[in-house]
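First up is the structure itself, then whatever we jot down about it.
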Amino acid sequence: MMKVQHVCVLGSTGSIGENTLDVISRHRETISIYALSAFSRIERLAEQARETGAKVVIVPTDAARVRFLQAWAGPTAVPEIRVGQQALADTAAEAPVTTVMAAIVGAAGLPAALAAARSGKRVLLANKEALVAAGGLFMQAVRDSGAELLPIDSEHNAIFQCMPQTGRATAPTTPAKGVRRLLLTASGGPFRTTALDQLAAVTPDQACAHPNWSMGRKISVDSATMLNKGLEVIEAHWLFAMPVSQIQVVIHPQSMVHSMVEYEDGSILAQLGQPDMRTPIAYGLGFPERIDSGVGLLALTALGRLDFEEPDFERFPCLRLSFEALGTSQAACVALNAANEIAVDCFLKQQIRYTEIARVIESCLDRISGMPASDLDTLDDVLALDAHTRRIASELCLLQRL
Ligand code: NAD
Ligand code: MG
């Protein structure tokens, strides 16, 4: 029988956050919500807090706190409202919390995800940017505290499920025995077959119209450029202690095979399912048991076929840049992620073109490659380089705009 979990959902108003609350609503006897957080959509946060009976909510500013109180209205007691970044990390580490869903988007989610890892919680990690920026620190924190790290990103969740069951470590330091390669599947996004000369003119709405998955806008653009897959290669490197040479990306347009593990004996194990994040979320919440996620069955005969293709680095330069960053240094990975966050934000605001996202990232990587090497062995080191790269990327975006 599963013991009762008290969950802190960081980023509860986002796509992963909403899916998490949906799964938890099916298991009220064993899973309760302790805390919720949002950066915007404060009215939605108030609704969520009312529906789940959350004891704590975390909002970014005092103005958001006032909005929360205005939105609350009604006879039931208001949850405790905490304000600011530090409150996210403090709440994630608090004693009543057993489980933290790290579903804030971007490196902004790193300090709280790391706090959850340091305090030995069950960490359901959706926030891949945390591992890209600080994989070494993060995995060491998991090992030191004995935290239980369960990947929620669908590919990594699939790989976790396909890993050898014997001797499976939550934060390994060497590749699992007998594993030859990790095969990360990628849908190829909305522009997999678009003529290359049309890419410069694509709009944010076109980039966000993912063929198979419904996600937040930042990760949707990342999926279109395949920078998302690049971040996932780096994420897989850290989660499974796998060298970059043993990680392969395979385009699979149907998004039904969520990833695969190839073994020395020639076996390939795959995890299949509907493209619905509630499956990996339920896996993380229920682990080691399987619990209902609300996801329907995969009708294999209706699907008929599964296709696989090589990714094209000319079409997806961001994927190439990610492999290069992972092969270069931790600093390059921090810069890759930070530059991308700024470039995507500018693209979504229509300040730069889609094709300029890769150019901004490449220029930032060039600019930081001349910097003195830093060990990046503290959170402050990582955040300083992240902030530095964001400044460079913002300037570049402004220049492109002219
Ligand atoms: P989203 O944009 O839908 O939601 C992001 C959440 O984070 C919201 O609750 C928002 O209020 C909060 N947030 C945004 N900026 C913040 C800040 N600066 N400080 C604190 N909170 C902030 O994003 P999403 O699609 O749910 O993705 C969340 C994370 O999960 C990302 O790291 C993404 O890469 C990862 N992920 C998402 C999916 C998916 O299907 N959506 C799949 C795999 C991995
Ligand atoms: Mg993914």
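Scanning the range 70-84 for residues that are among the hydrophobic types (A, V, I, L, M, F, W, C), surrounded by 13 or more Cβ atoms within 10 Å (Cβ to Cβ) and either on the phi > 0 side of the Ramachandran plot or assigned to a helix (DSSP H, G or I) (or both) turns up Ala71, Trp72. With respect to the conditions (1) without any contact (Cβ under 8 Å) to a residue 12 or more places away in the chain; (2) in contact with a His (Cβ under 6 Å, 6 or more places away or on another chain), Asp197 lacks only one, and its number is (2). Residues in the range 148-197 that are closer than 19 Å to Val233 by Cβ, within 14 Å of ligand 1 (Cβ to nearest atom) and in a strand (DSSP E or B): 4 in all. Return only the number of the condition from (1) surrounded by fewer than 24 Cβ atoms within 10 Å (Cβ to Cβ); (2) within 16 Å of ligand 2 (Cβ to nearest atom); (3) of a type in the set (A, V, I, L, M, F, W, C); (4) over 13 Å from the mean Cα position of the chain (by Cα) that Met163 does not satisfy. The single condition Met163 does not satisfy is (2). Only one of the listed residues (Ile251, Ile234) is surrounded by 24 or more Cβ atoms within 10 Å (Cβ to Cβ) and within 28 Å of Asp345 (Cβ to Cβ). That residue is Ile234. Scanning the range 222-263 for residues that are within 10 Å of Leu183 (Cα to Cα), polar (S, T, N, Q) and more than 15 Å from ligand 2 (Cβ to nearest atom) gives Gln246, Gln248. A single member of Ala112, Ala64 is buried (at least 17 other Cβ atoms within 10 Å of the Cβ) and either within 21 Å of the chain's Cα centre (by Cα) or touching a residue at least 60 places away in the same chain (Cβ under 8 Å) (or both), and it is Ala112.
Rundown of residues vs (1) of a type outside the set (A, V, I, L, M); (2) buried (at least 22 other Cβ atoms within 10 Å of the Cβ); (3) more than 7 Å from ligand 1 (Cβ to nearest atom); (4) under 18 Å from the mean Cα position of the chain (by Cα), yes/no style:
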position	(1), (2), (3), (4)
Val9	no, yes, yes, yes
Ser15	yes, no, no, yes
Leu21	no, no, yes, yes
Ser25	yes, no, yes, no
Glu29	yes, no, yes, no
Ser32	yes, no, yes, no
Phe39	yes, no, no, yes
Ile42	no, yes, yes, no
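Among residues of the range 95-109 that are over 24 Å from Asp380 (Cβ atoms) and without any contact (Cβ under 8 Å) to a residue 12 or more places away in the chain, those with a Cβ under 9 angstrom from a residue that is more than 9 Å from ligand 1 (Cβ to nearest atom) and not aliphatic (A, V, I, L, M), sequence gap 6+ or separate chain, pair up as Ala95/Ser119.
Checking the conditions here, which among Ala126, Ala169, Ala116 is within 16 Å of ligand 2 (Cβ to nearest atom) and at negative phi? Please lay out each step first, then the result.
Numbers: Ala169 fails: within 16 Å of ligand 2 (Cβ to nearest atom); Ala116 fails: within 16 Å of ligand 2 (Cβ to nearest atom).
Only one candidate qualifies: Ala126.
Residues in the range 206-254 that are modelled with pLDDT of 95 or more, among the hydroxyl-bearing types (Ser, Thr, Tyr) and within 16 Å of ligand 1 (Cβ to nearest atom): Ser220, Ser223, Thr225.
Suppose the filter is under 21 Å from the mean Cα position of the chain (by Cα), within 22 Å of Ala112 (Cα to Cα) and surrounded by 21 or more Cβ atoms within 10 Å (Cβ to Cβ); does Leu383 pass it? Give the steps one after another, and end with the answer.
Numbers: under 21 Å from the mean Cα position of the chain (by Cα): yes; within 22 Å of Ala112 (Cα to Cα): yes; surrounded by 21 or more Cβ atoms within 10 Å (Cβ to Cβ): no.
It is false that Leu383 is under 21 Å from the mean Cα position of the chain (by Cα), within 22 Å of Ala112 (Cα to Cα) and surrounded by 21 or more Cβ atoms within 10 Å (Cβ to Cβ).
For Leu336, the criteria (1) more than 23 Å from Cys208 (Cα to Cα); (2) in contact with a Gly (Cβ under 9 Å, 6 or more places away or on another chain) hold in every case but one, which is (1). Annotation note: Cβ proximity below 7 Å between a residue of the range 366-377 that is assigned to a helix (DSSP H, G or I) and a residue that is among the β-branched types (Val, Ile, Thr) and at pLDDT 90 or above (sequence gap 6+ or interchain) occurs for Arg367/Ile392; Ile368/Thr389.
The values are calculated or read from the model by the stated rules, or taken from the named source; none is laboratory data. Predicted model only: the values in this text are computed from it and were never measured. Cβ atoms come from the backbone with ideal geometry, glycine included; neighbour counts cover every protein chain shown.
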